[in-house]
2 protein chains.
Amino acid sequence: MTARFGFDVVARDEAARCGRLQLAHGDVDTPAFMPVGTRGAVRGVTADELESIGTQIVLANTYHLHLRPSAELVARRGGLHAFMGWTRPILTDSGGYQVFSLAERRTLGEDGVVFHSHLDGSRHLLTPERAVDIQARLGSDVAMMLDECPSWPATPAELDAAVERTLRWARRGRDRFLALAAGGDPDVARPTPGQAQFGIVQGGTDKARRDRSVAGTLAVGFEAYAIGGLSVGEPVEAMYEITGHTAAQLPADRPRYLMGTGMPDDLVESVARGIDLFDCVLPTRNARNGQLFTPRGPISIKNARYAEDDRPIDPGCRCPTCKRYSRAYLRYLFVAGEMNAATLNTLHNLHFYLDTMRQIREAIKFGTFAKFRKAFLETYSRQPRSLDD
Amino acid sequence: MTARFGFDVVARDEAARCGRLQLAHGDVDTPAFMPVGTRGAVRGVTADELESIGTQIVLANTYHLHLRPSAELVARRGGLHAFMGWTRPILTDSGGYQVFSLAERRTLGEDGVVFHSHLDGSRHLLTPERAVDIQARLGSDVAMMLDECPSWPATPAELDAAVERTLRWARRGRDRFLALAAGGDPDVARPTPGQAQFGIVQGGTDKARRDRSVAGTLAVGFEAYAIGGLSVGEPVEAMYEITGHTAAQLPADRPRYLMGTGMPDDLVESVARGIDLFDCVLPTRNARNGQLFTPRGPISIKNARYAEDDRPIDPGCRCPTCKRYSRAYLRYLFVAGEMNAATLNTLHNLHFYLDTMRQIREAIKFGTFAKFRKAFLETYSRQPRSLDD
């Protein structure tokens with residue numbers, strides 16, 4: 001296990017960058033997509049399968065793991081990597097976003113947020129310091145600071161409050177992170193000594209507030225920086241605009257992480273604006289709902305038109321699902337409610353996302369990203385479509 | 001695809017035999033255990049995973065596939081192998097057993113059995129001839145004749161009626177099978193020209209009725225023979241006694257299939273009595289319920305004692321689950337309701353069954369089966385136990 005955080009940009013094509021991120025448990029080629037393993041498992045696929053499709057890093061959710069089995073239990077197992085049987089890098093979110101979206105009741109204050117578990121109603125307090133401690137115990141390669149992500153649309157006053165509180169929490173979270181890294185608390189196990197911490201920029205779709213948030217977050221200083229508060233319902237044009245505006249102000253020698261995004265075309269558009277890291281539940285969640293991604297757009301495998309279609313989902317795809325199974329079989333498994341449908345659909349969708357990132361990296365290296373982007377967007381349609389078109 | 005059915009006994013150790021079964025889609029080393037893929041999928045594991053643990057043949061259920069997606073649809077796909085993406089042998093049951101155990105209402109007559117689908121209540125008639133036609137369309141390597149399996153306990157009159165009706169159905173089913181093999185019905189697609197048909201012996205736990213059933217079934221003549229009507233609730237000693245008694249009368253140059261059995265110690269005891277083929281839902285169904293098999297007996301992974309146990313299920317096991325995951329993680333996944341628990345538990349249990357068969361074959365080849373059997377039975381306990389004992 002290396003203990004140093006590093007990031008080398010190996011190629012550029014206008015604002016797009018191709019890089020190599022060095023984390024405690026290994027390297028990640030960027031731009032990279034992180035499959036989401038909410039509860040310490042990417043639902044429906046095994047670690048062997050994740051490796052077989054080239055997954056270099058996964059995201060795990062702090063909120064869920066904190067409530068069950070608890071960060072303390074995970075720490076006693078030697079950290080999340082040992083617990084999950086996953087030896088490659090892991091990024092953990094701070095838990096804040098899910099407190100706001102999942103907890104039964106929550107009360108936000110300056111100190112932090114009091115919430116009641118969606119599992120058993122038990123009361124918990126999440127503060128910037130505790131978010132650090134929990135993720136230290138989980139031992140992820142990258143810990144995210146606790147931020148306040150306002151819902152969309154937010155009033156200017158709400159946006160301002162969130163930006164300012166997030167900056168105060170950034171300072172507190174970073175102080176706690178540095179204190180732990182210096183060995184300051186024997187009660188907090190740190191199974192991954194080389195853990196890095198990323199700051200998060202807020203500010204909604206307002207450029208001035210984004211600028212203020214960037215400046216304040218950079219002043220605190222983190223290993224790298226994320227753009228939060230997007231993909232929360234704003235128009236896609238606003239998301240692209242703010243992503244580009246914000247990414248341009250973040251340090252060029254650090255990876256830039258756009259949180260919670262997105263659709264395949266969002267990935268391409270965001271890379272074009274300087275983003276290096278992504279996570280999103282879409283490929284996994286939609287797979288379980290029968291939506292499969294193809295270069296031409298998503299399709300719904302439950303559609304009766306596939307009942308007797310012997311072709312793979314995408315004849316050009318090299319994923320384990322397309323190599324072996326027909327649309328007819330996948331449609332049948334889905335309609336019959338067989339759990340294997342979730343597995344095979346998830347493998348395909350994750351492969352599609354990871355392969356799209358691979359193609360993006362290749363295009364950047366060859367200086368053909370603009371051409372790739374144009375071709376991708378001309379072919380890809382967000383609207384669910386039929387493969388018979 | 002070879003078109004010939006064959007069976008070579010390569011080693012014997014008293015009544016136990018080690019053989020090689022040649023089927024249309026490949027060879028099977030016997031004694032063999034067939035994982036059950038009820039609806040055309042072994043629940044929770046992919047075909048790649050089944051191959052990785054050495055699965056040579058799977059069982060699929062005719063009743064389920066007939067109702068959905070229908071044998072006709074499967075035939076249009078080129079048969080069950082093409083449909084499932086499984087290139088190795090498949091055995092299909094006749095559908096009769098599940099008509100009796102699953103259908104909503106059923107009426108047994110001399111012609112066959114009228115039943116109502118558990119899916120939509122639709123009315124169907126299953127006859128010995130139709131069971132042949134459905135399995136011909138599915139294109140399994142081995143088709144089973146339609147039999148009548150009485151519930152246990154049955155009266156002597158019920159047993160007699162089932163034995164006699166099963167013999168009449170054997171004749172009708174075999175005639176239909178031979179007519180189809182001779183190309184007699186252009187309306188029935190036969191995607192697997194080399195399909196074999198197995199007869200089924202009934203007779204409950206009564207030796208005289210078993211003898212009668214064996215004689216009559218042999219007189220009809222099938223590629224091989226199965227023992228039905230056991231593992232239906234009778235005492236285990238009676239099952240062993242009738243298995244040994246019946247197997248001894250079945251042709252030595254044909255594989256003998258004990259249907260629906262059983263616990264790991266049942267496999268060892270039945271091999272000792274001359275059985276070559278097994279199927280059972282126990283390893284897969286129990287995996288989904290959190291029961292895991294080990295050489296010392298089954299354990300319940302949901303037990304709180306495993307919450308902080310970092311060891312694999314069985315330190316001596318080489319399955320994909322034990323190579324990578326701890327009891328603590330498997331317990332957590334099960335308690336959290338993650339579907340990955342079903343996958344990892346199923347892989348372990350199927351590997352345990354297949355590896356037990358592999359050890360049995362090795363012991364027979366080395367002439368040490370008696371020693372293996374004694375050691376296995378001394379170590380293995382049917383009672384769920386703790387691994388801390």
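Counting partner chain Cβ atoms within 10 Å of every residue's Cβ in A:344-351, what's the average?
Rounded to a whole number, the mean comes out at 1.
Counting only protein heavy atoms and rolling a 1.4 Å probe, how much accessible area do A and B lose on contact, total for both sides, in Å² to 100?
What A and B bury together is about 3600 Å².
Considering only DSSP states other than H, G, I, E and B, which trypsin sites (Lys or Arg not before Pro) in the stretch A:238-336 qualify as loop sites with at most 13 other Cβ atoms within 10 Å?
A:Arg318
Report the antiparallel proportion of the DSSP beta bridges in the protein assembly as shown as a percent, rounded to a multiple of 5.
Among the beta bridges of the protein assembly as shown, antiparallel pairing accounts for roughly 50 percent.
Using the Cα centre as the reference, give the magnitude of the dipole from point charges on the C-beta atoms of the stretch B:220-324 (Lys, Arg: +1; Asp, Glu: -1; all else neutral), rounded to the nearest 20 debye.
Dipole of the stretch B:220-324, to the nearest 20 debye: 520 debye.
Can you list, shortest first and in nm, the gaps between the label point of A:Leu377 and those of its counterparts in the other copies, using a point 7 Å from Cα in the C-beta direction?
7.4
Take every Cα pair under 8 Å in the stretch A:237-389 that's 6+ residues apart, average their separations, divide by the length, and report that relative contact order as a whole percent.
Worked out over the stretch A:237-389, it gives 24 percent.
Leaving out ligands, DNA and RNA, what percent of the accessible area of the stretch A:292-389 is carbon and sulfur, probe 1.4 Å?
On the stretch A:292-389, the fraction of accessible area on carbon and sulfur atoms equals 51 percent.
Starting from a label point 7 Å past Cα on the Cβ side, list the distances from A:Asp8 to the same position in the other copies, nm, shortest first.
Relative to the other copies, A:Asp8 has label-point distances of 5.6 nm.
Using the eigenvalues of the Cα gyration tensor, what equivalent ellipsoid semi-axes result for the stretch A:112-268 when each is taken as the square root of five times the eigenvalue, whole Å, largest first?
Semi-axes, largest first: 26, 19, 15 Å.
Can you name the residue in chain A whose Cβ lies closest to the A-to-B rotation axis, and give that gap in whole Å?
Value returned for chain A: A:Met339, 3.
Show me, bin by bin at 20 Å from 0, the whole-percent P(r) of the protein assembly as shown based on Cα pairs.
16, 42, 28, 14, 1
Write down the percent of antiparallel bridges among all DSSP beta bridges whose residues are both part of chain B, to the nearest 5.
50
For a quick check, take a GNM of chain B with Cα springs below 10 Å and name the residue from B:Ala224, B:Ala182, B:Ala370 with the largest mean-square fluctuation.
Of the options given, B:Ala182 has the highest mean-square fluctuation.
Calculate the length of the line joining the C-alpha centroid of the stretch B:129-157 to that of the stretch A:1-56, in whole Å.
53
Expressed as a whole percentage, what fraction of the accessible surface of the stretch A:1-148 belongs to carbon and sulfur atoms when a 1.4 Å probe is rolled over the protein heavy atoms?
Exposed carbon and sulfur together represent 45 percent of the surface.
Within the stretch B:190-330, what percent of beta bridges assigned by DSSP are antiparallel, to the nearest 5?
The antiparallel fraction comes to roughly 30 percent.
In the stretch B:235-389, what is the volume of the convex hull around the alpha carbon atoms, normalised per residue and reported in Å³?
Convex hull volume per residue, Cα atoms: 115 Å³.
Accessible area per residue for chain A in Å², computed with a 1.4 Å probe and the full protein assembly in place, what is it?
Normalised by residue count, the accessible surface of chain A is 36 Å².
How many nanometers, to one decimal and shortest first, lie between the label point of B:Pro153 and those of its other copies, if labels sit 7 Å from Cα toward Cβ?
7.9
Accessible area drop of at least 50 Å² (1.4 Å probe, protein heavy atoms): which residues of the stretch A:287-322 qualify, relative to the chain alone?
So the qualifying set is A:Glu308.
Given 25 °C and 0.890 mPa s, compute D for chain A with the Stokes-Einstein relation, Rh being the Kirkwood radius over Cα pairs; round to the nearest whole µm²/s. Kindly include the intermediate steps, with their values, before the conclusion.
Numbers: Rh = 21.3 Å.
Translational D for this selection: 115 µm²/s.
In Å, what Rg and Dmax follow from the Cα atoms of the stretch A:336-389?
For the stretch A:336-389, the Cα-based Rg and Dmax read 14.8, 46 Å.
Which trypsin sites (Lys or Arg not before Pro) does the stretch B:92-129 hold that lie in a coil by DSSP with at most 15 other beta carbons within 10 Å? Don't skip to the end; give the middle numbers.
Working: sites: B:Arg105, B:Arg106, B:Arg123; in loops: B:Arg105.
Here the sparse-neighbourhood loop sites are B:Arg105.
Picking from A:Ser326, A:Asn61, A:Ala71, whose Cα lies most toward the positive end of the charge dipole for chain A (charges on Cβ: Lys, Arg +1; Asp, Glu -1)?
Of the options given, the answer is A:Ser326.
Output the relative contact order of chain B, whole-number percent, from Cα pairs under 8 angstrom with separation of 6+ residues. Walk me through the numbers on the way to the answer.
Working: 785 pairs, mean separation 67.8, N = 389.
Rounded, it is 17 percent for chain B.
The values are calculated or read from the model by the stated rules, or taken from the named source; none is laboratory data. Worth saying up front: this structure is predicted, and the values here are computed from it rather than measured. Here Cβ is always computed from backbone atoms with ideal geometry, including for glycine, and neighbour counts include all displayed protein chains. With ligands, DNA and RNA removed, areas are computed over all heavy atoms of the protein, side chains included. Shrake-Rupley method; radii C 1.70, N 1.55, O 1.52, S 1.80 Å.
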